[in-house]
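**Student:** Could you have a look at this structure, given as structure tokens, before my questions?
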Amino acid sequence: MLHGFLDRWSEAGVWVKISWFFGVWLGLWLPIAIPLARRWNWYPGKSLTPQKKLTLVGSLYFLFPVTISGAAAIENLSFSDYGWTWQLDSLKSLAIGVGLGVFGIAILAAVQRIFGWIRWEFKVPSIDALPTVMSPLSVAGILALWVAGTEEFLFRGFVQTQFQSQLSLGAAAAITSAIFAVLHLVWGWRETLPEIPGLWLMGLILTLARVVDDGNLSLAWGLHTGWVWAAIFLESTGAIVPIETAPAWLSGIDGRPLAGVLGLGLLMATGGFLQLIIDT
């Protein structure tokens with residue numbers, strides 16, 4: 001029976017494999033998600049508070065290692081085939097990516113500050129107050145590493161690799177990035193809808209980062225981590241306060257950078273930098 005299943009799996013199309021993967025993953029998650037959804041009166045597409053969203057996302061991502069391990073075993077692949085490796089060079093790429101991501105967010109904030117679109121309320125802490133700053137910084141870093149690592153392994157690793165087995169790199173990246181963008185609607189479609197083009201472009205840039213890193217996910221993981229880390233920290237500390245005079249189409253609709261020209265410009269600049277590395 002198992003042998004027959006493996007034969008059918010090897011002959012299945014990429015959409016079937018990806019659908020099965022998500023189906024099994026969600027099946028494992030539903031016993032956790034359904035009670036929480038009933039308690040909070042939540043359904044896919046409805047927005048949640050950050051704490052509730054983190055609980056749902058965290059429980060879903062906690063099950064990801066089980067699902068991806070099963071998929072790798074069925075296909076007789078190792079995690080390295082999906083781009084997930086643990087080597088010294090991988091740690092270097094991860095660190096470079098984090099630095100590049102944080103630097104990009106810092107440049108974005110600086111541009112908005114120069115043009116008077118935000119007010120900077122973060123103050124350099126004294127030695128006594130340093131722990132109150134380091135705590136949210138470290139928590140944000142851990143969350144960013146976990147969330148970004150899971151999403152990169154899932155999309156730029158598993159899904160991208162599946163599509164690339166039958167399609168060109170560009171076509172696989174475009175489809176993978178579209179899935180990556182659309183699935184974000186689950187956590188609040190009204191807020192996320194303006195970000196869809198930005199999320200799609202973000203997926204392409206992260207795929208490009210994997211190409212730059214010779215198929216390794218570490219640079220993409222680091223870049224994604226840097227963006228998420230900086231965003232979580234700035235939001236949780238209230239360091240940046242938007243000013244009403246800032247054009248929404250430029251700075252981002254509802255304060256979301258990926259829904260504005262500046263955020264898209266940051267992604268394009270990052271992509272240009274990565275392409276420059278490839279060309280040289």
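What follows is calculated from the coordinates using simple rules that are stated; it is not laboratory data. Since the model is a prediction, treat every value here as computed from it, not as a measurement. Cβ atoms come from the backbone with ideal geometry, glycine included; neighbour counts cover every protein chain shown.
**Student:** Find the relative contact order for the chain and round it to a whole percent, using C-alpha pairs within less than 8 Å whose residues are 6+ positions apart.
**Tutor:** About 27 percent, as a whole number.
**Student:** Something else: Using packing as a proxy for protection, rank 14-22, 175-183, 150-158 so that the peptide with the highest average count of other Cβ atoms within 10 Å comes first.
**Tutor:** 150-158, 175-183, 14-22
**Student:** Let me ask something else about it. For Ile32 and Trp189 in the same chain, what is the full-extension length gain: residue separation times 0.36 nm, less their Cα-Cα distance, in nm?
**Tutor:** Taking 0.36 nm per residue and subtracting the Cα distance, the gain is 54.3 nm.
**Student:** Under a crude label model (7 Å from the Cα following the beta-carbon direction), how far is Asp214 from Gln275 in nanometres?
**Tutor:** 2.4
**Student:** While we're on this one: What ³J(HN,Hα) values, in whole Hz, does the Karplus curve 6.51 cos²θ - 1.76 cosθ + 1.60 give for the range 184-200 when θ = phi - 60°, with x put for Gly and Pro?
**Tutor:** Each residue of the range 184-200 in turn: 5, 5, 4, 8, x, 6, 5, 6, 8, 3, x, 8, 3, x, x, 5, 5 Hz.
**Student:** Which of the listed residues, Ile232, Ile32, Trp146, is farthest toward the dipole's positive end in the chain, when Lys, Arg count +1 and Asp, Glu count -1 at the beta-carbon?
**Tutor:** Ile32
**Student:** Give me, ordered by chain and number, the residues 5 or more places off Phe115 or on other chains with an amide H under 5 Å from its own placed amide H.
**Tutor:** none
**Student:** Mind putting a number on the dipole of the chain about its Cα centre? Charges go on the C-beta only, +1 for Lys and Arg and -1 for Asp and Glu, and I need it in Debye to the nearest 20.
**Tutor:** On the way: 15 positive and 17 negative charges, 151 e Å.
The calculation lands at about 720 debye.
**Student:** Along the charge dipole of the chain, pointing to its positive end and built from +1/-1 on Cβ of Lys, Arg, Asp and Glu, which listed residue (Leu266, Tyr82, Gln164) has its Cα farthest out?
**Tutor:** Leu266
**Student:** Run the reach check for Lys46 against aspartates and glutamates, Cα to Cα strictly under 14 Å, same-chain hits fewer than 8 apart removed. What comes back?
**Tutor:** Filter leaves Glu191.
**Student:** Charges on Cβ only, +1 for Lys and Arg, -1 for Asp and Glu, centred on the Cα centroid of the range 82-279; of Leu219, Gly198, Leu208, which one is farthest towards the dipole's positive end?
**Tutor:** Gly198
**Student:** Assuming a viscosity of 0.890 mPa s and a temperature of 25 °C, what translational diffusion coefficient in µm² per second does Stokes-Einstein assign to the chain, Rh being the Kirkwood radius over Cα pairs?
**Tutor:** Translational D for this selection: 122 µm²/s.
**Student:** Under the Karplus relation 6.51 cos²θ - 1.76 cosθ + 1.60, θ = phi - 60°, what is the ordered set of whole-Hz ³J(HN,Hα) values for the range 86-100, x standing for Gly and Pro?
**Tutor:** Values per residue, Gly and Pro as x: 10, 9, 4, 5, 5, 5, 5, 5, 4, 5, 4, x, 4, x, 5 Hz.
**Student:** Okay, next question. In sequence order, what are the phi-derived ³J(HN,Hα) couplings for the range 266-279 according to the Karplus relation 6.51 cos²θ - 1.76 cosθ + 1.60 with θ = phi - 60°, rounded to whole Hz, with x for glycine and proline?
**Tutor:** Result, ordered by residue: 4, 5, 5, 5, 5, x, x, 5, 5, 5, 4, 5, 4, 5 Hz.
**Student:** I would also like to ask the following. With a point put 7 Å past each Cα toward its Cβ, work out how far Ala178 is from Val111 in nm, to one decimal.
**Tutor:** Reported label-point gap for Ala178 and Val111 is 2.8 nm.
**Student:** Calculated FRET efficiency, Ser47 and Ile74, Cβ-Cβ r, R0 30 Å, to nearest 0.05?
**Tutor:** The formula returns an efficiency of 0.25 here.
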